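Quick notes on the structure that follows.
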Amino acid sequence: MASTTVATAPGRSAWDGGVSPMGVSYGKLMMWFFLLSDAFTFSALLITYGLVRSAHKAYSGAVEAFTFSPEYWPIPEKVYEAIPFFHGLQAPLVFVGLMTFILIMSSVTMVLAVEAGHRMDRVAVEKWMLWTILGGIAFLSCQAWEWSHFIHGSGGIGANLHANEYGPQSFAGFFFFITGFHGFHVFSGVCLNFLIYYNTVMGVYDRRGHYEMVEKVGLYWHFVDLVWVFVFTFFYLV
Amino acid sequence: MAHSQETVVTVIPPDKAKIKKLWMTALIMLVVTILEFIVAFTIPHEYKDLRVWIFITMTIVKAGYIVGEFMHLRYEVKVLFWSILIPMIFVIWMLVAFIYEGLAISSVRLF
């Protein structure tokens with residue numbers, strides 16, 4: 001791993017060449033800047049959601065009397081209140097809470113894999129990468145169920161790109177676009193995690209002498225978790 | 001290497017304090033998420049602004065822990081730290097401009 005202090009020859013600054021002024025390798029630096037650009041993409045999506053939502057009327061009546069209508073934006077906890085195997089039970093936000101828990105836990109196992117990589121501990125990296133992959137797959141499965149439930153609806157017409165029982169049409173559009181774009185990031189992350197796991201098992205990083213690839217993909221995986229924290233707040237809670 | 005041989009790798013034993021710190025970070029994030037749920041179900045919808053500000057504050061706290069601790073940005077060189085954080089000004093600008101615009105649209109549209 002790159003040292004965080006930058007040593008320079010006398011009379012030369014860190015920007016005169018020959019050293020890394022930012023104290024990280026090229027690959028890691030580019031991962032950071034890629035994630036910065038990806039953060040802009042997700043910000044644009046979520047902020048546009050905010051624009052369209054604030055351009056619509058908010059529901060003003062009593063929460064208990066809430067019904068779905070294209071006249072106003074729905075209260076999220078009235079939309080996301082189902083959990084698998086308990087048909088008809090109203091459990092607002094419980095399932096999405098479980099998804100948040102799964103993603104945070106997989107972020108922890110990822111950071112433990114990175115830590116094991118620093119110590120060149122192949123067995124521990126394998127173990128924690130497997131847990132991370134498992135967490136990613138669990139999250140994707142939850143999302144598949146949630147999409148299926150959202151599309152089929154709970155007694156009404158459901159939602160797609162042409163119809164929406166929950167409220168204004170753009171509400172469904174944003175749901176598919178934002179959670180879909182995030183879900184695709186999770187899917188890519190699972191693929192990358194599997195690649196890292198495979199390389200670890202094959203001893204690629206032992207031969208290379210460092211486990212920096214685990215760190216780079218770890219950055220991506222944490223970013224996916226970070227985006228979910230914002231999606232969770234602005235799509236499900238607010 | 002001069003001749004083909006099994007690569008010899010020295011495994012460094014785990015640093016218990018460091019691992020404990022990682023688990024503590026995870027615990028803090030779980031507690032914050034649980035608090036968000038408590039707020040979602042205890043503070044009535046009539047106090048919409050209060051709810052929104054609590055949620056946003058808690059989200060930023062969680063984001064800080066993810067980026068600072070998990071992604072290790074807090075411990076990187078200052079130049080890198082600020083190179084990532086300063087561009088976020090554009091996000092704040094866009095947020096303010098778009099929400100302002102959205103509210104303006106809602107005050108003129110008839111449907």
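What's the longest piece of chain B with no exposed GluC sites (Glu not before Pro), counting a site as exposed if DSSP puts it in a loop and it has at most 16 other beta carbons within 10 Å? Can you show the working numbers first?
Working: sites that count: B:Glu6, B:Glu46.
That gives B:47-111 as the longest site-free run.
Quick one, could you list the DSSP H helices from chain A stretching 20 Å or more along their long axis (Cα atoms) with average Kyte-Doolittle hydropathy of 1.0 or above?
What comes out of the filter, once short or polar helices are dropped, is A:26-55, A:94-118.
Under the classification rounded if a/c is under 1.5, otherwise prolate if a/b is larger than b/c and oblate if not, where does chain A fall, given a ≥ b ≥ c as square roots of the Cα gyration tensor eigenvalues?
It comes out prolate by the Cα gyration axes.
Compute the relative contact order of the range A:68-113 as a whole-number percentage, counting only Cα pairs closer than 8 Å that sit 6 or more residues apart in sequence.
Contact order relative to length: 24 percent.
How big is the B/A interface in buried accessible area, both sides summed, 1.4 Å probe, to the nearest 100 Å²?
In total, this chain pair buries about 5100 Å².
At 222 nm, what helix-only mean residue ellipticity would chain A give, in deg cm²/dmol to the nearest 500, using -39500 (n - 2.57) for each DSSP H run of four or more?
-20500 deg cm²/dmol
On a straight-distance basis, which aspartates and glutamates could pair with B:Lys62 in a cross-link, Cα separation under 14 angstrom, same-chain partners fewer than 8 positions away excluded?
By straight Cα distance, B:Lys62 reaches A:Asp225, B:Glu36.
Considering only DSSP states other than H, G, I, E and B, which chymotrypsin sites (Phe, Trp or Tyr not before Pro) in the range A:67-135 qualify as loop sites with at most 11 other Cβ atoms within 10 Å?
Hits after loop and neighbour filter: A:Phe85, A:Phe86.
Percent of accessible area on the range B:16-107 owned by carbon and sulfur, 1.4 Å probe?
79
Taking chain B as the reference, fit the longest principal axis to its C-alpha atoms, fit the long axis of helix B:16-42 to the helix C-alpha atoms, and give the angle between the two in degrees, 0 to 90, nearest 10.
20
Quantify, in whole percent, the carbon and sulfur part of the accessible surface of chain A (1.4 Å probe; protein heavy atoms only).
68
Averaged per residue, what accessible surface does the protein assembly as shown expose to a 1.4 Å probe, in Å²?
For the protein assembly as shown, the solvent-accessible area averages 51 Å² per residue.
So what's the back-of-envelope 222 nm ellipticity for chain B, counting only DSSP H runs of four-plus at -39500 (n - 2.57) apiece and dividing by all residues, rounded to 500?
-22500 deg cm²/dmol
According to the square roots a ≥ b ≥ c of the eigenvalues of the Cα gyration tensor, what is the shape class of the range A:1-134, taking rounded for a/c under 1.5, prolate for a/b larger than b/c otherwise, and oblate for the remainder? Kindly include the intermediate steps, with their values, before the conclusion.
Numbers: a/c = 5.05, a/b = 1.82, b/c = 2.78.
In terms of gyration-tensor shape, oblate.
For peptide A:24-32, what's the mean number of Cβ atoms from other chains within 10 Å of each residue's Cβ?
Taking the mean over all residues of the peptide, I get 2.
Pairs of lysine in chain A with Cα under 29 Å and at least 8 positions apart or on different chains: total?
Pairs that pass both the separation and distance tests number 4.
Which net charge results for the neighbourhood of B:Pro14, defined as the other residues with beta-carbon distances under 13 angstrom from its beta-carbon, given Lys and Arg at +1 and Asp and Glu at -1?
Net local charge, B:Pro14 excluded: +3.
The values are calculated or read from the model by the stated rules, or taken from the named source; none is laboratory data. Computed from a predicted structure; not experimentally measured. FYI the Cβ positions are ideal-geometry reconstructions off the backbone, even for glycines, and counts take in every protein chain you see. What goes into the accessible areas is simple: the full protein's heavy atoms, side chains included, and nothing from ligands, DNA or RNA. Shrake-Rupley method; radii C 1.70, N 1.55, O 1.52, S 1.80 Å.
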